[in-house]
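Q: Would you mind keeping the following structure in view while I ask a few things?
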Amino acid sequence: MDIRSLFEISLPVIQAPMAGSQNHQLAAAVSEAGGLGSIPAGMLNAETLDAELTAIATLTRKPYNVNFFCHQTPTEDAARTEAWLALLAPYLKELAIDPASIPTGATRKPFDAAMADVLERHRPPVVSFHFGLPAPELLQRVKATGAKIISSATTLEEGRWLQQQGVDAVIAQGVEAGGHRGMFLSGDIDGQVGTFALLPQLVAALDVPVIAAGGIADARCVAAAQALGAAGVQVGTAYLLCDESRASPLHRQALQSPFAEHTVLTTLFSGRPARGIVNRLICELGARPDAVPAFPLAGNAIGSLRAAAEPQGVDHFSPLWAGQNASGCQAVPAAQLTEALAAGWR
């Protein structure tokens, strides 16, 4: 079974959820074109999620996906926070930011009962999770709505675990993918593998459909994924320049520059490994310094730096999320890109 049958869509393409770079408009455009659009809820609360799901219902009646994070909310470590602010002190001084003004506490919440309440009201056809799955009682509430459940695996072990928990499909997230790694059984970045190494292993080991993600930028990549047994593809970076994307002007500029050829897995911007374009902060501090607080606490100080720098046209402190293959980025309507990607599926 490929994902066209599983999700009742006409094109085997999922638009990857990209928190901070899109909203319901991109998701609706992809769904209307026949793919599966995705709404990222990782930076939303129950009220704003309800508004997004209400809005997408005015733009499309076709299936769509809602994505949630499943991380554990950390306890603040005063010593680690102090070390982090000391590391960032030169930049805070440069931008005249008082460290005392930086917010504290977790600004991103994992999937919880309030979010489940919203899903029960709107009943989206597909729900996806990142960093594993929510607690069994919460997962059961989502399943009871009739939604198909999918989640990301970055290793063979994670894929097997997800199948054991009863997901309907597994996303094989190769190390090429932009944004946050979905890794949840291990924090070892050295154990992360490429899409076309991970995909056939998961296809051979699992009974559920496997969706290829990471480095897929055009119809040729889609054809290669299909040849290795993928039931469909998930594409993120290529959509960032589309008309319906909400990527910032600085992000768009970086994606169209030679710098897009240089990405790394960094913890600097959130506290968890995520792939983005190398900028000044990464160059000067390294991609994964020891002082970075746990996810999502690192984002508080970074958010203050971004807020001060971006209005000046400076992306030195911005997370410029992108995969290793930005060659497919096109400033076109999302429907056009979706159809072009699907042309590789035979």
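The values are calculated or read from the model by the stated rules, or taken from the named source; none is laboratory data. Given the structure is predicted, the values throughout are model-derived calculations rather than measurements. We place every Cβ from the backbone using ideal geometry, glycine too, and count neighbours over all the protein chains shown. With ligands, DNA and RNA removed, areas are computed over all heavy atoms of the protein, side chains included. Shrake-Rupley method; radii C 1.70, N 1.55, O 1.52, S 1.80 Å.
Q: Residue check, PHE196 against (1) farther than 20 Å from LEU341 by Cα; (2) open to solvent by 30 Å² or more (accessible area, probe 1.4 Å), all met but one. Which one?
A: (1)
Q: For LEU228, work out the one condition from (1) open to solvent by less than 20 Å² (accessible area, probe 1.4 Å); (2) farther than 30 Å from LEU85 by Cα it doesn't fulfil.
A: (1)
Q: Cβ-Cβ distance below 6 Å, separation of 6 or more or different chains: which pairs start in region 79-94 with a residue that is within 15 Å of ALA294 (Cβ to Cβ) and not assigned by the TED database to the domain that holds ALA308 and end on one that is assigned to a helix (DSSP H, G or I) and modelled with pLDDT under 95?
A: none
Q: Now, a different point. For region 191-290, give me every one of the helices (runs of 4 or more DSSP H) that falls completely inside it and has 1 or more residues that are polar (S, T, N, Q) and assigned by the TED database to the domain that holds SER31.
A: Ranges flagged: 195-205, 219-227.
Q: Next question, about the same structure. Evaluate the following for ALA217: is it in contact with a strand residue (DSSP E or B) (Cβ under 8 Å, 6 or more places away or on another chain) and at pLDDT 95 or above?
A: For ALA217, the condition - in contact with a strand residue (DSSP E or B) (Cβ under 8 Å, 6 or more places away or on another chain) and at pLDDT 95 or above - is met.
Q: Just checking: which of the helices (runs of 4 or more DSSP H) contained wholly in region 87-181 hold 2 or more residues that are open to solvent by 30 Å² or more (accessible area, probe 1.4 Å) and of a type in the set (Asp, Glu)?
A: Correct list: 113-122.
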